[in-house]
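The structure appears below as structure tokens.
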Amino acid sequence: MPLLGLQLDDNLMFGQVISMKEVSEDQQKKVDVLIRARYPLIYITTWEEERVAVMLNALAVRAEKQLIIWSTTEGFSDFSGRKLDGEAVDPFAALTYITDYQRPAIFMLKDFHPFMKDPVVIRKLRDLKIHLSNLKKTCILVSPVLEVPIELEKMINVVDFNFPTLELLDTVLEGIIEPLKMNPRVDVSLTEEEREAVLKSALGLTVDEAENVFAKSLVEVKRFDPAIIIQEKEQIIRKSGILEYYHSNEHFDNIGGLEHLKEWLSIRNRGFTEKAREYGLPFPSGLMLIGIPGTGKSLTAQAVASLWKLPLLRFDVGKVFGGVVGESERNIRQAIKTAESVSPSILWIDEIEKGFAGVQSSNLTDAGTTSRVFGTFITWLQEKKKPVFVIATANNVNQLPPELMRKGRFDEIFFLDLPSPKEREDIFSIHIKKRGREIEKFDIRTLVGLSKGYSGAEIEQTLITAMFDAFSDDREVETTDIMNALEDMVPLSRLMKEDITALRTWAQARARLASKTEQQKKPNIEIEV
Ligand SMILES: Nc1ncnc2c1ncn2[C@@H]1O[C@H](COP(=O)(O)OP(=O)(O)O)[C@@H](O)[C@H]1O
Ligand SMILES: [Mg+2]
């Protein structure tokens, strides 16, 4: 069968690459232990029924039990597909069959969750419990979603079935490469590093999805391209609803100044590679960027994703708070799970203080929902094992819950101040070049002198204003246009003088300076306007 329904010509057939569906040792062990400890009901969340069936069959054979598989369309059959009872398609009949079955067995029930809304089914499952463990029978519910009614919560054990490991993906990839090695029409050669990049970009996909997207990449560009593979993850993220897959066009070189911050990020550029693991390094975990509006916090988050070549997931905390009771907690868990499933990834929380503004008063205002959601988030932040790098930004520290800033939550907290003269020079140059003009044509020194107290965003804005002015006069933009624009604008720092002073005082004690400036050790408490 041609993959993706693509009709490839003879020389490009992929053959039977889908031969292997095995499961990591770890995962097998987890399920095996539960079965042998006679947990009667186990719930496995996954899209990959086939991989689960193969694993369960292996466990069943080893324990000399039978594996019996049920679905509401087919009733009961064994692992080889032989029908045992094709009539028992309704859930109650299924549970009766299981009750009456007299030998040790593992029952795999596909997509049973919709039926667990029925009170009769719930009761029947509860009655089944003791009976099952006495007879060495185990029911394994396999569904892509976790939906357990409260009555059953305490008697069901949930196992999150992990996505394929790098090793498994490597085997899948090899299965595609092998038959095509001699094919002159595609380039399946990969250096060790390229191979790692390709495999990493496929983490979070199921075996089938990975296989399809590897093939798709070959069809589209005749080689394995991580960028095409990452697009596949975008689909997963879009379906989750709360995270947004952010396409970053920002380049690291487009950040003016902020040398300390850039250095920190560059040093960690290879922090997600296997080499770094072998070296004994942990994954970079997270970064907090605090500062005056328009100083390049969001810009940095976007540029890092390009630098590190990782998917950038924008997380709008506000979207978590749903209307129905319990929904917000479910949403935050879902968001975390999605970010982890496509990891290594960057989770970007812009202006985090807004999302969690209500934490302190949460008990009074929303029955503690915000506070619980926040709790789930910071616990995860502290304990996460998966390589999800968190970048949070904030303009206002007064609204930040203090717990967020405690040690261990982020690797580092950076403070982004207004740009120094040298930094303003960089920023002018970057934006002038970005708009296709030569910097030599402008008197940058004068502009730097006139832009004291202006943020990067404001500098960019004055340049745009100047260009509009010149454009409407039908002439080329020049230094005086920018000078006029600077004069016309009142920078935020002049309006927010007290706020900025307070922010600097706060940062002095708690954050590292993002910029290498003359006053490196101490931010300038006096505002320079
Ligand atoms: N240090 C900088 N270097 C270059 N451009 C900058 C810098 N700071 C801000 N800008 C410009 O201003 C825009 C807005 O900045 P942004 O990163 O959104 O600020 P904030 O700190 O409020 O998140 C950026 O997209 C960029 O064009
Ligand atoms: Mg911003």
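Where a number appears in this text, it was derived from the coordinates with a stated rule and is not lab data. Bear in mind that the values here come from a model prediction, so they are computed numbers and not experimental data. Virtual Cβ from ideal backbone geometry, glycine too; neighbours counted across all protein chains shown.
So if I restrict to the alpha-carbon atoms in the range 421-495, what is the Rg, and what is Dmax, the biggest pairwise distance, in Å?
Computed over the Cα atoms of the range 421-495, radius of gyration and Dmax are 11.3, 34 Å.
Treating cross-link reach as a plain straight distance, find the aspartates and glutamates whose alpha-carbon is under 12 Å from the alpha-carbon of residue 275, omitting any fewer than eight places away in the same chain.
192, 193, 196
Let me know the shape class of the range 341-449, please: from the alpha-carbon gyration tensor, a ≥ b ≥ c as square roots of the eigenvalues, rounded when a/c is under 1.5, otherwise prolate if a/b is greater than b/c, or oblate.
Details: a/c = 3.18, a/b = 2.17, b/c = 1.47.
Cα axes put the range 341-449 in the prolate bin.
Where does each of 229, 156, 267 land when they are ranked from fewest to most other beta-carbon atoms within 10 angstrom?
Ordered by Cβ neighbours within 10 Å, fewest first: 267, 156, 229.
With runs of 4+ DSSP H residues as the only contributors, calculate the mean residue ellipticity of the chain at 222 nm using -39,500 (n - 2.57) per run, divided by the residue total and rounded to the nearest 500. Kindly include the intermediate steps, with their values, before the conclusion.
Working: 21 runs with 236 residues, N = 529.
So the calculated ellipticity at 222 nm is -13500 deg cm²/dmol.
Taking only the alpha carbons of the chain, what extent do you get along each of the three principal axes, in Å, biggest first?
90, 67, 47
Rounded, prolate or oblate: pick one for the range 144-296, where a ≥ b ≥ c are the square roots of the eigenvalues of its C-alpha gyration tensor, a/c under 1.5 means rounded, and failing that, prolate if a/b is larger than b/c, else oblate.
On the way: a/c = 1.77, a/b = 1.07, b/c = 1.66.
Oblate, since a/c reaches 1.5 and b/c is not below a/b.
List the lysines whose Cα sits under 17 Å from the Cα of residue 384, skipping any in the same chain fewer than 8 residues away.
Of all the lysines, those that pass the test against residue 384 - Cα under 17 Å, at least 8 places apart if same chain - are 337, 407.
How large is the charge dipole for the chain, taken about the Cα centre, if only the Cβ atoms of Lys, Arg (+1) and Asp, Glu (-1) carry charge, to the nearest 20 debye? Kindly include the intermediate steps, with their values, before the conclusion.
Working: 68 positive and 80 negative charges, 418 e Å.
Dipole magnitude for the chain comes out near 2000 debye.
So, with +1 on the Cβ of K and R and -1 on the Cβ of D and E, and no other charges, what is the size of the charge dipole of the range 25-160 about its Cα centre, to the nearest 20 debye? Each step should come with its number before you reach the end.
Numbers: 19 positive and 20 negative charges, 123 e Å.
Using Cβ point charges on Lys, Arg, Asp and Glu, the range 25-160 gives about 580 debye.
May I ask what percent, to the nearest 5, of DSSP beta bridges between residues of the chain are antiparallel?
Values: 10 of 52 bridges.
If we restrict to bridges inside the chain, about 20 percent are antiparallel.
Only four residue types carry charge here, +1 at the Cβ of Lys and Arg and -1 at the Cβ of Asp and Glu. Report the dipole size of the range 108-155 about the Cα centre in Debye, rounded to the nearest 20.
Details: 9 positive and 6 negative charges, 53 e Å.
The dipole magnitude comes to about 260 debye.
Excluding residues on the same chain fewer than 8 positions from residue 110, give the lysines whose Cα lies under 18 Å from its Cα.
Filter leaves 21, 83, 124, 137.
For the range 353-407, rounded, prolate or oblate, judged on the Cα gyration tensor with a ≥ b ≥ c (square roots of eigenvalues), a/c < 1.5 rounded, else prolate if a/b > b/c?
Oblate.
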